1. For region 40-419, just say rounded, prolate or oblate: build the C-alpha gyration tensor, square-root its eigenvalues into a ≥ b ≥ c, call rounded for a/c under 1.5, and beyond that prolate if a/b exceeds b/c, oblate if not.
2. Loop only by DSSP, 11 or fewer other Cβ within 10 Å of the Cβ. Give me the GluC sites (Glu not before Pro) in region 363-426 that pass, ordered by residue number.
3. Can you tell me, using C-alpha contacts under 8 Å and at least 6 residues apart, the relative contact order of region 40-419 as a whole percent?
4. Where does helix 314-357 land angle-wise versus the long Cα axis of the chain, in degrees 0 to 90, nearest 10?
5. Hey, if you put +1 on the Cβ of every Lys and Arg and -1 on every Asp and Glu Cβ in region 40-419, which of Tyr377, Cys419, Leu166 ends up farthest toward the positive end of that dipole?
6. Determine ³J(HN,Hα), in whole Hz, for all residues of region 92-101 in sequence, where each value follows from phi through the Karplus function 6.51 cos²θ - 1.76 cosθ + 1.60 and θ = phi - 60°; x replaces Gly and Pro.
7. Using unit Cβ charges (K, R positive; D, E negative) and no other charged atoms, how large, in debye to the nearest 20, is the dipole of the chain about its Cα centre?
8. Which of the trypsin sites (Lys or Arg not before Pro) found in region 53-128 are in a DSSP loop and have at most 14 neighbouring Cβ atoms, other than their own, within 10 Å?
Amino acid sequence: MINALIQQTMNHSKYYLHILLLSLFICGINSNVSGQEIAPLTKDSLFFYEYLDQVTTNNLEFLAEKCNINIAEAEALRTHISPDPSLDLEAEKEKFTVGIGYSLELGNKRNARINLANSKVDIQKLMLSYYFQDLRSEAAMLFLNTILQQDLLQIQLDSYTYMQKLCESDSLRYLAGEISENNVRQTRLETATLRNEIYEQEAALISAQIKMSQLRGELDTERITPIGKLDISYKTEKLNELIQYGYTYRSDLLIAIKNKEVALHELKLARAERKPDIGISIGFEREWRKFIPKGESLKGGISIPLPFSNINKGSINVAKSKISQTDLNERSVQLQIEAEIKQAWYNLEAQLKKKEQFNTGLLVEAKNILEGMVYKYKRGETNILDVLIARRTYNEIQIAHIKTKYEYITALIDLERSCGIWNIQL
């Protein structure tokens, strides 16, 4: 009988030891996960202004847009060319003629071509500015999104560390007979679930870092670590003032205005080209024979085309229609700018109200509830499910807080982009 009791006690001890080792193994698996932190600052740890400078220097699409300015300037340089003179040489058996001809452009065609080409150069510069405004906003969005993913990962890591310690504590409490085996299993399951969420969040962070590298024109082996926080103070101006900013600084509106100028220059060129070009020539002729004195003569001429084709005013009508079209496009862009600014402004107001909700102590309250539940759980006054619910609620509120701050800043960036200005310090 005594031997049987001893054997039974040993079996129970082995069972409890097995449970303890299994629990510690599961709670401690991938312990490096719980000890993780966001990567320390490296040579690729960048402030936003440094990242934006690299983007504007190395972004391939932006560099390609810059080439359009060089092309337009080369086209403008070509319009400075004037008609070349012509040299005529003619020889017969006893006569030799040499002459020079030149086509004289009337109607100031050359200046009309130059003015038109210069206006097109200005449009390319404005288009580059418009592209830069969008590129700057995109760079800011990617920069902030990477910070968001870093913060979300840190929340997951902190939560995993918390649950891992609770898992280890529950294993010891189970061996002491304070809680049931089901509580230990529930804690282990929750810890393993959090570990999987960490893996997913790590992948999201790496994806955001790759997009940052792609935008600056290279895929680095060393990932970018943005330096910054999702906290920004900004004083929103009045809606009417922001709309005026849009009318003044939006590059697409400036392009629409410049397109009207181009259309006017095209009309002037079309009218100038209706003026005929006059051909002027001057020549020298000499002839000689054996017994007759030589003859020399100087002659000149003028060639005036008869512009019957000017009866057709198709080119003039086309140019006038383009002017009317640019007027409509300009008004359309103004309406679009006003609509975008209003939408962005009201969206920012909504995001600000959401952000202010967290200033009422939601985070502190959720944390206090979690700590209170854990305290009661350790005293045996509540079960593990209440603790897990409190822990999930605290996590959800933390994540909602982080995302609300991110959405507020992105709404602010969208408003600044809509106005064509940039007063944000990230």
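1. The shape class here is prolate.
2. Values: sites: Glu365, Glu371, Glu381, Glu396, Glu407, Glu416; in loops: Glu381.
Those that pass, being in a loop and sparsely packed, are Glu381.
3. 24
4. The answer is roughly 20 degrees.
5. Cys419
6. After applying 6.51 cos²θ - 1.76 cosθ + 1.60, I find 10, 4, 10, 8, 9, 10, 9, x, 10, x Hz.
7. Dipole size: approximately 1060 debye.
8. Numbers: sites: Lys66, Arg78, Lys93, Lys95, Lys109, Arg110, Arg113, Lys120, Lys125; in loops: Lys93.
Passing both the DSSP loop test and the Cβ count: Lys93.
Readers should treat all values here as calculations from the given coordinates under stated rules, not as data from a laboratory. On a predicted model such as this, the values are computed, not experimentally measured, just so you know. All Cβ positions, even for glycine, are placed from backbone atoms using ideal geometry, and neighbour counts span all protein chains on display.
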